[in-house]
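The values are calculated or read from the model by the stated rules, or taken from the named source; none is laboratory data. Here the structure is a predicted model, which is why all the values come from computation and not from measurement. Every residue, glycine as well, gets a Cβ built from its backbone with ideal geometry; the counts of neighbours run over all protein chains shown. All accessible areas refer to the heavy atoms of the entire protein, side chains included, with ligands and DNA or RNA removed. Shrake-Rupley method; radii C 1.70, N 1.55, O 1.52, S 1.80 Å.
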Amino acid sequence: MFDPIQAAEEIKNSYIDYITTTFDMSDETYKQELRKKLTENGMIASGPYLDIGGSYETGHTIRELVESRLVSPLFEKLEPIAEEKRELKLERALYCHQETALLKANAGENLVITTGTGSGKTESFLLPIINHLLCQQEAGTLDAGVRAIIIYPMNALANDQMKRMRALFRNYPQICYGVYNGNTEHAQSKALEEYRKTFRDEQGNPLEPMENEIISREVMQKTPPHILITNYSMLEYMMLRPKDDQVFSGAKLKFIVLDEAHIYKGATGMETSLLMRRLRARISEPDSVQYILTSATLGGPEADDEILSFANKLCGVPFNRAGIVRSKEKKPDMLERRNFPMALFEELQKNPEDTKEILTRYQADFAPDGDNGEKLYALFLHSQMFAQLRSAAKEPVTIAQIRSAFSEEQAASDSQIVAFIDVCAKAEKDGASLIKPRYHFFVRALEGAYITLDKPKKLFLQRKHAVQDTAGRDCAVVFEAAVCTDCGRIA
């Protein structure tokens, strides 16, 4: 079980070690004062905070959309493997916002997908892209050329997406993809060498790229991928370099996705806005391009006007209010409020394989025909502790705040609360989780160190000009300290 309290403490201690090592003071008194101040609660770290976002309203499955002829029937052939091993499951209901994004994109709408973290934003733009490619394959028009550009603000996010692409298209070579950033090698031979060093199987043997993964600039210039993953800086360079221009010369661009769109403000936003206009001017059919922006922080319905204005200015194309897609949280009603002993949840956490037997012993199996996830789902909708947790965690809260929300009969230690939340996270029905817990921990940089020179020596981590006595009079001047990185002397 992941222990957020222990993890937070380890992060905090490592950060303190880093600071005290970086600013290694030769004066023992100041050194001890620095560590003492750093360990004070809330001085440099805060948390962990628990955020228990619920699941989301669901709509139709991909198979149902196929049967209704709303999406390509080739979705069923995209992953010719068992349902449980699929990346895009045919039988699992899509979240309503994912289905809405897919259908609105199919209708030609520019979209702003503003849903919370962990709400499946990636599928919200991947599904329209994949459906477009599959429809082109049905029509016999899926030849070489970029159909979608996915722009990420960081290479780490692009690399994560590449993992997803490999899993999605490992058995579907008709769709090709590639990432083009500062780490992409030019020569295919060098790219293969780096790929084999980076990716290995469970036995440590080097892996080969799949035939539809384009890993070098050299090949990408000759045979552009259908899905191009990049960042806005590299896209700028690509449009300036003559050889890279070949990636766009045959483009039949349909989608431009800007992930984490909220970062494109100020100077970055102006540069990206001009880049979008230049990109459309470069391709043969600019009016056919659709934009999909994603973000978790653009605001609620009251900010719709600002969101539309931002999207219009950034992309240079019209966005409509109907194109703003939001998620709807699903919070099932409590069925009962029983006081179960904390021992029940501790046993469930330690022995998940014995869920049925444990619940039967506690007379708490409210879904006798369901699997373990459904049994837990039913259990918590009958639990007073879960009702109290959901009430207390309407916004991010600390473990201590959760503990104080529980009744005296349900007094629990920090570790018991963590175990309780861990079991909650395993409750699932119809492919939807009861809650999706996330822990957040914050650390901050120091403003500086401030010291008194007279005895008793004092050190502060917040700006001060003087130390006052009990009468409120200044009794010692405080100076900002600098530490010599060679000898540790304070200047």
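Couplings for the stretch 216-232, taken from phi via the Karplus curve 6.51 cos²θ - 1.76 cosθ + 1.60 with θ = phi - 60°, read 10, 5, 4, 6, 5, 5, 7, 10, x, x, 5, 10, 10, 10, 7, 10, 5 Hz in order; Gly and Pro are left as x.
Taking chymotrypsin sites (Phe, Trp or Tyr not before Pro) across the stretch 358-428, none is in a DSSP loop with at most 12 further Cβ atoms lying within 10 angstrom of its Cβ. Database remark: amide H of Val112 closer than 5 angstrom to the amide H of Leu293, Ile324, Val325 (H placed geometrically; neighbours at sequence offset of 5 or more, or on other chains; Pro and chain starts carry no H).
A full extension of the chain between Ala187 and Gln174 corresponds to an added length of 2.3 nm, given 0.36 nm per residue minus the alpha carbon distance. The sum of -39500 (n - 2.57) across all DSSP H runs of n ≥ 4, divided by the residue count of the chain, sets its helix-only mean residue ellipticity at 222 nm to -12000 deg cm²/dmol.
Considering only Pro341, Met270, Asn212, the residue lying farthest towards the positive end of the dipole of the chain is Met270, judged by Cα position with unit charges set on Cβ.
Annotation: amide H-H contacts under 5 Å for Leu94 (H modelled 1.01 Å from N, sequence separation of 5 or more, or interchain): Gly59, His60, Thr61, Ile62. Between Arg463 and Ala7, full extension at 0.36 nm per residue minus the direct alpha carbon distance yields a gain of 161.2 nm.
Each residue was assigned an accessible area with a 1.4 Å probe, and for Tyr172 the value is about 10 Å². Among the protein heavy atoms of the chain, carbon and sulfur supply 49% of the accessible surface, probe 1.4 Å, non-protein parts ignored.
A P(r) calculated from all alpha carbon pairs of the chain, with 10 Å bins opening at zero, reads 3, 15, 20, 21, 20, 14, 6, 1, 0 percent.
Using the Karplus relation 6.51 cos²θ - 1.76 cosθ + 1.60 with θ = phi - 60°, the per-residue 3J(HN,Hα) values for the stretch 69-82 come to 6, 8, 9, 5, x, 5, 4, 6, 9, 4, 10, x, 9, 4 Hz, with x marking Gly and Pro. Coupling constants for the stretch 130-146 follow from the phi torsions by the Karplus curve (6.51 cos²θ - 1.76 cosθ + 1.60, θ = phi - 60°), and in residue order they are 5, 4, 4, 5, 5, 5, 5, 5, 4, 7, x, 10, 8, 9, 5, x, 6 Hz; glycine and proline get x. Only one residue of Phe366, Ser46, Ile19 has its Cα farthest out toward the positive end of the dipole of the chain, where Lys and Arg carry +1 and Asp and Glu -1 on Cβ, and that residue is Ile19. Other residues with beta-carbon under 10 Å from the beta-carbon of Gln462 carry, at +1 per Lys or Arg and -1 per Asp or Glu, a net charge of +2. The distance between label points at Lys222 and Ser415 comes to 6.1 nm (points 7 Å beyond Cα on the Cα→Cβ vector). Quick note on the stretch 109-155: its Rg to Rh ratio, both from C-alpha atoms and Rh being the Kirkwood radius, is 1.04. Each listed q (0.16, 0.18, 0.22 Å⁻¹) maps to a log10 I(q)/I(0) for the stretch 227-272 from the Debye sum over equal C-alpha point scatterers, namely -0.52, -0.64, -0.90.
A 1.4 Å probe run over the protein chains yields, for the chain, 50 Å² of accessible area per residue, whole-number rounding. For the stretch 81-110 versus the stretch 395-472, the spacing of their alpha-carbon centroids is 38 Å. With a threshold of 19 Å on the Cα-Cα distance, the over-threshold entries among Lys77/Lys328; Lys85/Lys163; Lys356/Lys436; Lys163/Lys436 are Lys77/Lys328; Lys356/Lys436; Lys163/Lys436.
For the chain, DSSP calls about 50 percent of its internal beta bridges antiparallel.
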